[in-house]
Amino acid sequence: MANKLLSAIEDDVFLSEGSVPIVIEGLEHSYDKEDFLPEESMHNSHELLCLREGKIEAVIGGETIQLTKGSVVVIRPLVRHKLMIKSEKADMLNLYFGFVHDTSDLKLTKETGSSAKSKDSKNNNAGPSVSIPGSLAKVTLESFLKFADLGITEDNEMIRLPFFVIKGNEKKEINQLAERIVSEHSDNRYAKDLMVHTLTVELMIILARALRSEWEESLSVKNGKAKELVAIAKLYMDENFDQGITVSEAASYVYLSQGYFTRAFRDETGISPMNYLMKKRIEKACKLLQNNEIKVSAISLQSGFSSPQRFNVAFRKQMGMTPMEYRKKYL
């Protein structure tokens, strides 16, 4: 039953995206400062490095970065990299993953090695210990993650970076998922392959969110794109505020998270998007209230409020009086 379900899930992803994510191997490494590490490493798969303890200096694609406890970095395929221990001890988990185009590649990968093999040692061999299909290097992380509505296209500058460091809330989630993938395989429990595959898909979604966050943050320093997107969203709000749209919908319209959009909107306009929507709705309500023939309940809906009760509360807060009091005062 578990094998049939796994095949169904894999076939569904193949049909919708043309490729499916797989974990080749998961390795646990513990090093002392005096241990010898390989000069350089390069392989066909993506590598997810989670640093559990210690400090490491990593040179990836010619760029040097410092990693500390809890750091998570994704290294792209065919990128040369090396590590140097900068603390007395260092403990890390390396997860090697990629994407295959068809079921024959997936079958080959399963036959050449375990999908997530745990090994706790001072192994000085860099990279995975199992054979990796060369096709894995040909499918980019971004091309697969289009299903997550990432908002990043192949011509974006970030695509050409040899690696990216995970930041924010996603870092903790990715650490936990990597640990679970290795644990699931090593325990050899029922439906192990199905669980590993499910966790791998979840890992890809979290990576998508991390990439999106990275993209959003880059907007503030690249070509004034944040300002441009706020202007587009503001126009969208001007044209649809009376249709009951939310801040989340306005943010999604320009492919931004609600949190980033709120900060960018406030920076550009001096007001939060929620207050801006409220201001537009109250302004329209005030004009409609000047017509004594329109019922107050109808005005609330025509102004974009979900109910007369919400309209009354918002109007009193904004204008210092109820809608009926405003109408009497105006007339």
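The values are calculated or read from the model by the stated rules, or taken from the named source; none is laboratory data. All of these numbers come straight from a predicted model, not from anything done at the bench. Quick reminder, even Gly has a Cβ in these numbers, built from the backbone with ideal geometry, and neighbours come from all protein chains shown.
When the stretch 276-324 is limited to residues that are more than 23 Å from TYR236 (Cβ to Cβ) and of a type in the set (Ser, Thr, Tyr), the one that is nearest to the chain's Cα centre (by Cα) turns out to be SER307.
Taking the conditions exactly as written (farther than 30 Å from GLU228 by Cβ, modelled with pLDDT of 90 or more and assigned by TED's automatic domain parsing to the domain that holds LEU235), does VAL313 satisfy them or not? Spell out how you get there, then give the answer.
Numbers: farther than 30 Å from GLU228 by Cβ: yes; modelled with pLDDT of 90 or more: yes; assigned by TED's automatic domain parsing to the domain that holds LEU235: yes.
Yes: the conditions hold for VAL313.
For the stretch 284-300, the set of residues classified as of a type in the set (Gly, Ala, Ser), surrounded by fewer than 18 Cβ atoms within 10 Å (Cβ to Cβ) and closer than 11 Å to ARG327 by Cβ is empty.
I'd like to know if the stretch 65-77 contains one or more residues that are touching a Pro at 6+ places or on another chain (Cβ under 9 Å), surrounded by fewer than 19 Cβ atoms within 10 Å (Cβ to Cβ) and not small (Gly, Ala, Ser).
No, the stretch 65-77 contains no residue that is touching a Pro at 6+ places or on another chain (Cβ under 9 Å), surrounded by fewer than 19 Cβ atoms within 10 Å (Cβ to Cβ) and not small (Gly, Ala, Ser).
Could you check the stretch 226-254 and list, in sequence order, the residues that are of a type in the set (A, V, I, L, M) and in a helix (DSSP H, G or I)? Explain how you work it out, then say what you get.
Of the residues in the stretch 226-254, the ones of a type in the set (A, V, I, L, M) are 226, 229-233, 235, 237, 245, 247, 250-251, 254.
Result: ALA226, LEU229, VAL230, ALA231, ILE232, ALA233, LEU235, MET237, VAL247, ALA250, ALA251.
Could you tell me which residue of the stretch 307-331 is farthest from LYS287 (Cα to Cα), considering only residues that are hydroxyl-bearing (Ser, Thr, Tyr) and without any contact (Cβ under 8 Å) to a residue 40 or more places away in the chain?
Keep residues of the stretch 307-331 that are hydroxyl-bearing (Ser, Thr, Tyr), which gives 307, 322, 326, 330.
Now drop any that are not without any contact (Cβ under 8 Å) to a residue 40 or more places away in the chain, which leaves 307, 322.
Working: SER307: 18, THR322: 14 Å.
In this case the residue turns out to be SER307.
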